[in-house]
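Q: My questions all concern the structure below.
No lab work stands behind these numbers, since they all come straight from the coordinates. This structure is a prediction, so every number in the text was calculated from the model and none was measured. Glycine gets a Cβ as well: all are built from the backbone with ideal geometry, and neighbour counts include every protein chain shown.
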Amino acid sequence: MGQVTIYLDEETQSLMKRAVRNAGVSQSSWIAQVIRSKGSDLLLVSGSPPVVRIDGRLSPIAGDALDEQGVESVVLAWLP
């Protein structure tokens with residue numbers, strides 16, 4: 001199994017922690033769930049729970065819906 005390390009500034013780290021805590025997941029569980037399920041995409045949409053695409057079908061991941069700031073925080077944290 002490989003490992004990906006993402007380094008974030010303190011403000012972005014704080015925003016991401018808050019977003020994933022509000023969604024009821026750990027920071028890496030979304031990606032781990034996509035990999036375990038052999039999914040092709042992770043979809044984060046404001047007002048909806050995280051969704052993984054598996055063989056063309058969309059399947060919600062456990063957790064609450066993210067608000068606009070939550071989606072933005074997570075996405076910005078993963079961008080270089």
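Q: Looking at the range 39-52 only, could you name the residues that are surrounded by 15 or more Cβ atoms within 10 Å (Cβ to Cβ) and either over 17 Å from SER29 (Cβ atoms) or touching a residue at least 24 places away in the same chain (Cβ under 8 Å) (or both)?
A: LEU44, PRO49, PRO50
Q: Still on this model: In the range 65-77, what residues are closer than 25 Å to GLU10 by Cβ and either of a type in the set (D, E, K, R) or surrounded by 15 or more Cβ atoms within 10 Å (Cβ to Cβ) (or both)?
A: Within the range 65-77, the subset closer than 25 Å to GLU10 by Cβ is 66-77.
Within the range 65-77, LEU66, ASP67, GLU68, GLY70, VAL71, GLU72, SER73, VAL74, ALA77 meet the criteria.
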